[in-house]
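The values are calculated or read from the model by the stated rules, or taken from the named source; none is laboratory data. Because the structure is a prediction, the values reported are computed rather than measured. Note: ideal-geometry Cβ built from the backbone for every residue, glycine included; neighbour counts use all protein chains shown. SASA here: full protein model, heavy atoms, side chains in, ligands and nucleic acids out. Shrake-Rupley method; radii C 1.70, N 1.55, O 1.52, S 1.80 Å.
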Amino acid sequence: MSRISPAPGAPAPETPDVVIGNHLHKYTAKNPAIRWLTTRFLSQLDAVLDQVQAETATGRVLEAGCGEGDIADRLHARWGDVTGLDLPDAGLRAEWARRAGPQFCHGDAERLPFADAEFDVVLAVEVLEHLRDPDAGLRELARVARRHLVLSVPREPVFRLGNLAAGRHVRDLGNTPGHLNHWSTVSFVRFVSQVAGVREVRKPLPWTIVWARLI
């Protein structure tokens, strides 16, 4: 799979009516509270990935809904063979062109352009809450995975309450633009359990991270 980069002078195909990439650049945020929360989240995600890597030291890895590619870079440092996928967007392609490690492509998480069991590890970090059909997205993630699923979503209602406390998205009752689906930790674990056996659950405020093995 070839790396995608912008064609000089070509018009940028966009994905209308969909929030692409991070609405808030939390991985490079200057706000100390956001930076602290994100650091804790990444630390917990790394702890889960340590366990996944202990079981699967080599293999192919997919990050569906990779955004600008921050997590894909971290995955590449662990496994090397990493593919990041997201919807068509010129801004994302510009970010991807600066990253030397992962391979990137455009695609839809609800209709992944990959074969069954093509990847040993499949991640979707802050993705499922954006999907119009999260059940289809979950089935697709499980379909292309051979062993591991690592999935995270905002933990509700904590996430929205945090937004309200910070004065963000007040008119939408704290709902971040593009968030169409909402799970508590319990309901998300139940959701993932439809397709895989849950191995571990972590709750770095205000998110839920689930590691599951394919049944």
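Starting from one equal scatterer on each C-alpha and no solvent at all, send me the Debye-based log10 I(q)/I(0) for segment 119-175 at q = 0.13, 0.17 Å⁻¹, two decimals. The computed values of log10 I(q)/I(0) come out as -0.44, -0.64. Each residue, Asp172 and Val198, gets one label point 7 Å from its Cα in the Cβ direction; the gap between the two is 2.6 nm. Taking label points 7 Å from Cα along the Cα-to-Cβ direction, Leu164 and Leu214 give a separation of 4.1 nm.
In percent, rounded to a whole number, the relative contact order of the chain is 19, using alpha-carbon pairs under 8 Å and six or more apart.
Simple point charges give the picture: +1 on the Cβ of Lys and Arg, -1 on the Cβ of Asp and Glu, and for segment 82-215 a dipole about the Cα centre of about 400 debye. When the P(r) is computed for segment 88-188, the part past 23 Å accounts for 39% of the Cα-Cα pairs. Please state the shape class of segment 37-86: rounded when a/c is under 1.5, otherwise prolate if a/b exceeds b/c and oblate if not, all from the C-alpha gyration tensor. Because a/c hits 1.5 or more and a/b fails to exceed b/c, segment 37-86 counts as oblate. With both labels modelled 7 Å from their Cα along Cα-to-Cβ, the Arg132 to Ala90 distance reads 2.4 nm. Each Cα pair under 8 Å and six or more residues apart adds its separation to the average, and for segment 48-124 the resulting relative contact order is 38 percent.
In order along segment 136-149, the Karplus-derived 3J(HN,Hα) couplings, from 6.51 cos²θ - 1.76 cosθ + 1.60 at θ = phi - 60°, round to 5, x, 4, 4, 5, 4, 5, 4, 8, 8, 9, 10, 10, 10 Hz, and Gly and Pro are given as x. Net length available on complete extension from Ile34 to Gln51 is 3.5 nm, with 0.36 nm assigned per residue and the Cα-Cα distance removed. Residues in segment 205-211 carry Karplus couplings, in order, of 4, x, 10, 10, 10, 10, 10 Hz; the curve used is 6.51 cos²θ - 1.76 cosθ + 1.60 with θ = phi - 60°, and Gly or Pro positions show x. Among beta bridges from DSSP that stay inside the chain, the antiparallel ones total about 45%. Phi-derived couplings, Karplus 6.51 cos²θ - 1.76 cosθ + 1.60 at θ = phi - 60°, listed residue by residue for segment 183-197: 10, 6, 4, 4, 5, 6, 4, 4, 4, 5, 5, 5, 10, 7, x Hz, with x used for Gly and Pro.
With all protein chains kept in place, the per residue accessible area of the chain amounts to 47 square angstrom at a probe of 1.4 angstrom. Seen through its C-alpha gyration tensor, with square-root eigenvalues sorted a ≥ b ≥ c, the chain comes out rounded because a/c lies under 1.5. Between segment 56-91 and segment 146-215, the alpha-carbon centres lie 20 Å apart.
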